[in-house]
Amino acid sequence: MHKDYGTFCWYELMTPDVPAAERFYASVVGWSTHDSGMEGMDYTLAYARESQVAGLMTLPAEAEGMPPMWMGYIFTDRIEETLRDIEANGGKICRQPQDIPGIGRFAVASDPHGAVFSLFSTEDEGPQQPGMMTPGHIGWNELMAGDLDSAWEFYSKTFGWTKDTAVDMSDAGMGTYQTFAVRGGDAIGGMMTNPPGAPAPPFWGYYFVVEGLDAAGKRVTDGGGQIVMGPMEVPGGAWILNCVDPQGAYFSLVSMSR
């Protein structure tokens, strides 16, 4: 098994207005953006300093009716086998593997409750991931699950994820928040049962690291985005905001300081 198997390795925004999204995230998170130069494909790369962090692309025509969204890619060095595991463990294949010329292969899948994620496979090393709280990078991967216990069973069996700290949030009527790692490493994310009456079906959300949460939140609203929840302090001393960008894609911010 490849050492990166089961890690989040790439993030991608599908949006109806790439230039507007470039301006918004450049302001909020501090990214610079450049065309990927991929032949026959309009694909923008976002950078935190010299590091590629994410891709931005126009919502594809076949995704008509799909809302703008951030997608996370999970690394596998054996994509067909992973897809078989996904189906065997109750998930679905949304898009069969496809080549990205000169880069690798990808596929799109969903867990048993419909939360969507992508797979990425390459012969080379997976993209290098910096420390979790590096500004401009993604610091946390969060699943609002259809059901925590059965979602946990799916992801742990499929990707070898291991339980890290569990936080009891029943005082807030939200049950258990289970953090997870890849095969006993540092925690890379958390999951909890999507609260009853939640505005969205089960989904994955991603936290971008900023320096100073309040200032970043002001940049969100000044840029035409909305703050859905927060600021809130979380265990470990970090602060978070849940937001929606001007085109309607959900994202979150995390900072070690207000």
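Points worth noting:
- From Arg105, Arg49, Arg95, residue being at pLDDT below 95 and on the phi > 0 side of the Ramachandran plot: Arg49
- Here is the figure for region 218-233: residues that are in contact with a strand residue (DSSP E or B) (Cβ under 7 Å, 6 or more places away or on another chain) and under 27 Å from Val116 (Cα atoms) total 9.
- Of all residues in region 208-223, those that are among the small types (Gly, Ala, Ser) and open to solvent by 50 Å² or more (accessible area, probe 1.4 Å) total 1.
Matching residues to (1) part of a loop (DSSP other than H, G, I, E, B); (2) more than 15 Å from Val182 (Cβ to Cβ):
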{"position": "Asp99", "(1), (2)": "no, yes"}
{"position": "Phe106", "(1), (2)": "no, yes"}
{"position": "His113", "(1), (2)": "yes, yes"}
{"position": "Pro135", "(1), (2)": "yes, yes"}
{"position": "Gly139", "(1), (2)": "no, yes"}
{"position": "Lys163", "(1), (2)": "no, no"}
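- Selection within region 42-54: residues that are touching a residue at least 12 places away in the same chain (Cβ under 8 Å) and assigned to a loop (DSSP other than H, G, I, E, B). The member of this set that is farthest from Pro16 (Cα to Cα) is Arg49.
- Subset of region 13-30 [of a type in the set (A, V, I, L, M, F, W, C) and surrounded by 18 or more Cβ atoms within 10 Å (Cβ to Cβ)]: Leu13, Met14, Val18, Ala21, Phe24, Val28, Val29
- Unique match (being outside the structural domain of Asp245 (by the TED database) and modelled with pLDDT under 95) among Asp42, Asp111, Asp85: Asp42
- Options Val29, Val116; residue that is under 25 Å from Gly224 (Cα atoms), touching a residue at least 40 places away in the same chain (Cβ under 8 Å) and not assigned by the TED database to the domain that holds Gln226: Val29
- Residue match in region 92-112 (condition: of a type in the set (S, T, N, Q) and over 18 Å from the mean Cα position of the chain (by Cα)): yes
- Which listed residue is small (Gly, Ala, Ser) and over 19 Å from Ala115 (Cβ atoms), from Gly190, Gly205, Gly236, Gly197: Gly236
- Residues within region 181-209 that are farther than 15 Å from Gly236 by Cβ and either at pLDDT 90 or above or not hydrophobic (A, V, I, L, M, F, W, C) (or both), tallied: 19
The values are calculated or read from the model by the stated rules, or taken from the named source; none is laboratory data. A quick note: this is a predicted structure, and the numbers were derived from the prediction, not measured. Here Cβ is always computed from backbone atoms with ideal geometry, including for glycine, and neighbour counts include all displayed protein chains. Each accessible area value is taken on the protein alone, full model and side chains, heavy atoms only, with ligands, DNA and RNA left out. Shrake-Rupley method; radii C 1.70, N 1.55, O 1.52, S 1.80 Å.
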